[in-house]
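Beneath this line is the structure, given in structure tokens, with notes to follow.
Read-outs throughout are calculated quantities, based only on the coordinates presented, and are distinct from any laboratory measurement. Given the structure is predicted, the values throughout are model-derived calculations rather than measurements. Neighbour counts run over all protein chains shown; Cβ positions are idealised from the backbone, glycine included.
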Amino acid sequence: MASTNRMLRILGFFNLERPVITPEWLGEQLGVSRASVYRDLGQLAKAGMLERVAERGYVLGPMVVELDRQIRLADPLLGAAGDLLGRLAEETGGTVLLCRFHGNKVMCIHQASPLKGRNPGAGKGLSVSYDRGRAMPLYRGATSKIILAYLPQPQLKQLWSTERETLVAAGLPDDFVQLGKVLRGIREVGHCVTQGEVDPEAIGFAVALRDGEHLLGSLSIVLPAASLTAVQRKTTLARLQSTAGRIEGRLQDQRAKARATRKTDTP
């Protein structure tokens, strides 16, 4: 079990700033013997999760790409969202983000934008930091804050105890009771709207996505703040909420079909 946990930690060390990892560096980080590090690296390489690069160290391997393809084709949330994301982008002229809650981060799993030539100028020159596979903090922007608002209380308390300074630095209250009030206000209206918290010229609209009682992540739309009218804000939010409802409905249908299949297979 200890070796398994170490191997999971090894995979978690890789990022854009550290794409290549050496056994020596890993030994320092993990505090284990050279033999243990090489044994773990060998097993990960054999499974295709890592690949050795001569004279440099190890990089993520081809199995990661294979797993990513599996997610793209078989992830229930992506399957439920399907054609709805592109349609929402066309209707609103904004960049649509489908994100999952991952650890203490928000992970974009799909981004959809309007087709070229449609809604001219709607997203022109707008930079959106969220793209597929990029993990973002849980404390800034509507896409993340809507997830924070729906965290179960024990999880929120744990987050507060370990990352209070980061929460406060992001502009959230320096008091747990006040934080609860802010998040409760977001839950009561059922959506979150922020401006310039992630990308300076952007406004983000977000709603939570749940599978039954389980919090999955969020669905959001990003638009240029300067050109957005009050009417557009209202229609954008209405279309966002409608699409989220349809995605959750499809997830419910998936659960119902799975239950029916289990009953059929039961002798």
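Spacing of the modelled spin labels on A258 and L78, each 7 Å from Cα toward Cβ, amounts to 1.7 nm. For region 184-267, the C-alpha radius of gyration divided by 2.2 N^0.38 Å, with N the number of residues, is 1.45. A simple spin-label model places the labels of V65 and R87 3.4 nm from each other, with each point 7 Å out along Cα-to-Cβ. Tell me, rounded to the nearest percent, the portion of alpha carbon pairs in the chain spaced more than 28 Å apart. When all Cα pairs of the chain are counted, 47 percent exceed 28 Å. Taking the Cα atoms only, what angle lies between the long axis of helix 34-46 and the longest principal axis of the chain, rounded to 10 degrees? In the chain, helix 34-46 runs at an angle near 60 degrees to the longest axis. Axis of helix 153-169 versus longest Cα principal axis of the chain: the two differ by about 90°, to the nearest ten degrees.
Rounded to the nearest 20, the Cβ-based charge dipole of region 75-261 about its Cα centre (Lys and Arg +1, Asp and Glu -1) stands at 380 debye.
In order along region 87-100, the Karplus-derived 3J(HN,Hα) couplings, from 6.51 cos²θ - 1.76 cosθ + 1.60 at θ = phi - 60°, round to 5, 5, 4, 5, 5, 9, x, x, 8, 9, 10, 10, 10, 10 Hz, and Gly and Pro are given as x.
Rounded to whole numbers, the Karplus 3J(HN,Hα) couplings from phi for region 70-83 are 4, 4, 4, 8, 10, 5, x, 5, 5, x, 5, 6, x, 6 Hz, using 6.51 cos²θ - 1.76 cosθ + 1.60 with θ = phi - 60°, and x at Gly and Pro. A straight line joining the Cα centroids of region 173-250 and region 38-91 runs 28 Å.
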